[in-house]
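**Student:** Sharing a structure here in structure tokens format.
The values are calculated or read from the model by the stated rules, or taken from the named source; none is laboratory data. Quantities reported herein were computed from a predicted structural model and do not represent experimental measurements. In this analysis, Cβ positions are derived from the backbone assuming ideal geometry, glycine residues included, and neighbour counts consider all displayed protein chains. Accessible surface areas use protein heavy atoms only, side chains included; no ligands, DNA or RNA. Shrake-Rupley method; radii C 1.70, N 1.55, O 1.52, S 1.80 Å.
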Amino acid sequence: MGNVTASTVPPSPPLSPQPSLAPPSLDKENSISSHNESSRLESPGTMEELHKKCKDIFPMNFEGGKLMLNKGLSSHFQISHTIVMSSMMPSGYRFGATYVGTKQISPSETFPVLLGDVDPSGNLNANIIHQFTDRIRGKVAAQFQKNKLAALQMTTDYRGDTYSFSATSANLDILNNSGLLVLHYLKSVTSNLALGGELAYQKGPTVPGGYITILSAAGRYSNGDSTISGNIGFAGAHLCFYQRASQQLQFGVEFELIHRMQECKSTVAYQVDLPKADLTFKGSIDTNWLVGATLEKRLQPLPFTFVLSGMINHCKNQFRLGCGLIIG
């Protein structure tokens, strides 16, 4: 046998790192795509929510005494008993019920929702809200008085990726050829700006000329903790400004101009939240010197909420005081 001689080859020296040879166009496209993802437009919500942030901090004043008892019978069904004693508001006892279905769209939204209340005379208020698909939502609100249908309103909302469309009909009467139809459209132009419009058509024997059509433009601009929203049209103008000054303080300004009534009013409102004290205070004052305020105090650990309401009209020299207790 012959001898086999194995020779070893010395390893090659390590390669030095080379610069990236990726074309600059790819880097530019990646930066543009990442920028587009960060500034992706979202649905602006419906026109009904246009002034929601500002209107939520306005106090809901009442007069007299109010006692409300809420009782949850199950995870889907809840009932309520309300007693109101007032010289201005409808007084008496009302029984309410709320049913929430099993179709959960988000952690805070479950459908269908059925809620209503009735008094001993048979006067009934009923609402039905249901999410048919991920984009379509329907609402029906009906009011019965003296065993007759007094009002009926139906709304359909369609929410696209960057826009929303709503159609609302109220008190349609084919026999008398009367009713109200309202169309809403809202579109996200940028991540901060949404623009849209409203078209309202009303027809009936009590309408001057037999029918009336009102067209208005709408918009909302949001920048951080500030929001400006408004409707401007032939019927008038409605402008709102909302600002969250801190975690405890919010304030808003509302301006309303109604051409038909030749009326103009501005209102300033604010809300103070004190979580450690379980207390919420809301106040408002308008150009008619109407001052209102409400105070809500949760009486922990009991399931009680004490509500105090005050309203004074300096022009008419009137003062209204309300006191309520919510249990449950």
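**Student:** Conditions: (1) free of Cβ contacts under 8 Å to residues at least 60 places away in the same chain; (2) closer than 30 Å to residue 86 by Cα; (3) open to solvent by less than 50 Å² (accessible area, probe 1.4 Å). Residue 268 meets all but one. Number of the miss?
**Tutor:** The single condition residue 268 does not satisfy is (3).
**Student:** In contact with a Phe, Trp or Tyr (Cβ under 7 Å, 6 or more places away or on another chain) and either among the charged types (D, E, K, R) or open to solvent by 60 Å² or more (accessible area, probe 1.4 Å) (or both), is that true of residue 239? Steps first, please.
**Tutor:** Numbers: in contact with a Phe, Trp or Tyr (Cβ under 7 Å, 6 or more places away or on another chain): yes; either among the charged types (D, E, K, R) or open to solvent by 60 Å² or more (accessible area, probe 1.4 Å) (or both): yes.
Yes; evaluated as a whole, the condition is true for this residue.
**Student:** Also, I was wondering about something else. Would you pick out the residues in the range 144-154 that are touching a residue at least 12 places away in the same chain (Cβ under 8 Å), part of a strand (DSSP E or B) and surrounded by fewer than 16 Cβ atoms within 10 Å (Cβ to Cβ)?
**Tutor:** 145, 151, 154 - these are the residues of the range 144-154 that are touching a residue at least 12 places away in the same chain (Cβ under 8 Å), part of a strand (DSSP E or B) and surrounded by fewer than 16 Cβ atoms within 10 Å (Cβ to Cβ).
**Student:** While we're here: Looking at (1) under 26 Å from residue 164 (Cα atoms); (2) under 20 Å from the mean Cα position of the chain (by Cα); (3) aliphatic (A, V, I, L, M), which is the one condition that is false for residue 235?
**Tutor:** For residue 235, the failing item is (2).
**Student:** Then there is this: For the condition over 22 Å from the mean Cα position of the chain (by Cα) and not in a strand (DSSP E or B), what is the one hit in 265, 297, 276? Spell out how you get there, then give the answer.
**Tutor:** Details: 265 fails: not in a strand (DSSP E or B); 297 fails: not in a strand (DSSP E or B).
Within the list 265, 297, 276, the selection yields 276.
**Student:** Further question: Could you pull out the residue among 66, 148, 103 that is out of contact with any Pro (no Cβ under 8 Å at 6 or more places or on another chain) and more than 28 Å from residue 283 (Cα to Cα)? Please lay out each step first, then the result.
**Tutor:** Numbers: 66 fails: more than 28 Å from residue 283 (Cα to Cα); 103 fails: out of contact with any Pro (no Cβ under 8 Å at 6 or more places or on another chain).
Only one candidate qualifies: 148.
**Student:** Shifting gears a bit: Say we look at the range 272-284 and pick out the residues that are of a type in the set (D, E, K, R) and surrounded by 15 or more Cβ atoms within 10 Å (Cβ to Cβ); which of these is farthest from residue 249 (Cα to Cα)? Before the answer, list the steps.
**Tutor:** Looking only at the range 272-284, we keep the residues that are of a type in the set (D, E, K, R), and these are 273, 276, 278, 282.
If we keep only those that are surrounded by 15 or more Cβ atoms within 10 Å (Cβ to Cβ) too, we end up with 273, 282.
Working: 273: 7, 282: 10 Å.
Restricting to residues being of a type in the set (D, E, K, R) and surrounded by 15 or more Cβ atoms within 10 Å (Cβ to Cβ), the top hit is 282.
**Student:** Check residue 129 against each of (1) at pLDDT 95 or above; (2) in a loop (DSSP other than H, G, I, E, B); (3) touching a Phe, Trp or Tyr at 6+ places or on another chain (Cβ under 7 Å); (4) not acidic (Asp, Glu) and name the one condition it does not meet.
**Tutor:** Unmet for residue 129, out of (1) at pLDDT 95 or above; (2) in a loop (DSSP other than H, G, I, E, B); (3) touching a Phe, Trp or Tyr at 6+ places or on another chain (Cβ under 7 Å); (4) not acidic (Asp, Glu): (2).
**Student:** Turning to a different aspect of this structure: Is it the case that the range 90-107 has a residue that's open to solvent by 70 Å² or more (accessible area, probe 1.4 Å), basic (Lys, Arg), touching a residue at least 12 places away in the same chain (Cβ under 8 Å) and closer than 30 Å to residue 228 by Cα?
**Tutor:** Taking every residue of the range 90-107 in turn, none turns out to be open to solvent by 70 Å² or more (accessible area, probe 1.4 Å), basic (Lys, Arg), touching a residue at least 12 places away in the same chain (Cβ under 8 Å) and closer than 30 Å to residue 228 by Cα.
**Student:** Of everything in the range 300-324, what is more than 18 Å from residue 65 (Cα to Cα) and either among the aliphatic types (A, V, I, L, M) or surrounded by 14 or more Cβ atoms within 10 Å (Cβ to Cβ) (or both)? Give them in sequence order. Give the steps one after another, and end with the answer.
**Tutor:** Here is the first cut: in the range 300-324, the residues more than 18 Å from residue 65 (Cα to Cα) are 300-303, 313-317.
Hits for the range 300-324 are 302, 313.
**Student:** When you scan the range 69-89, how many residues do you find that are farther than 18 Å from residue 325 by Cβ, among the hydrophobic types (A, V, I, L, M, F, W, C) and surrounded by 12 or more Cβ atoms within 10 Å (Cβ to Cβ)?
**Tutor:** Looking only at that region, the number is 1.
**Student:** Give me a count of the residues in the range 207-219 that are open to solvent by 30 Å² or more (accessible area, probe 1.4 Å) and out of contact with any Leu (no Cβ under 6 Å at 6 or more places or on another chain).
**Tutor:** In the first step, residues of the range 207-219 are kept if they are open to solvent by 30 Å² or more (accessible area, probe 1.4 Å); the result is 208-209, 211-215, 217.
Retained after the next criterion (residues that are out of contact with any Leu (no Cβ under 6 Å at 6 or more places or on another chain)): 208-209, 211-214, 217.
Adding up the residues that qualify gives 7.
**Student:** Shifting gears a bit: Could you tell me whether residue 245 is without any contact (Cβ under 8 Å) to a residue 40 or more places away in the chain, over 30 Å from residue 208 (Cα atoms) and small (Gly, Ala, Ser)?
**Tutor:** Numbers: without any contact (Cβ under 8 Å) to a residue 40 or more places away in the chain: yes; over 30 Å from residue 208 (Cα atoms): yes; small (Gly, Ala, Ser): yes.
When the stated conditions are applied, residue 245 passes them.
**Student:** Looking at this structure, is residue 114 closer than 30 Å to residue 210 by Cβ and either hydroxyl-bearing (Ser, Thr, Tyr) or open to solvent by 60 Å² or more (accessible area, probe 1.4 Å) (or both)?
**Tutor:** For residue 114, the condition - closer than 30 Å to residue 210 by Cβ and either hydroxyl-bearing (Ser, Thr, Tyr) or open to solvent by 60 Å² or more (accessible area, probe 1.4 Å) (or both) - is not met.
**Student:** Would you mind stating whether residue 287 is polar (S, T, N, Q), loosely packed, with under 13 Cβ neighbours inside 10 Å, over 27 Å from residue 91 (Cα atoms) and touching a strand residue (DSSP E or B) at 6+ places or on another chain (Cβ under 6 Å)?
**Tutor:** Details: polar (S, T, N, Q): yes; loosely packed, with under 13 Cβ neighbours inside 10 Å: yes; over 27 Å from residue 91 (Cα atoms): yes; touching a strand residue (DSSP E or B) at 6+ places or on another chain (Cβ under 6 Å): yes.
Taking the combined requirement at face value, the residue satisfies it.
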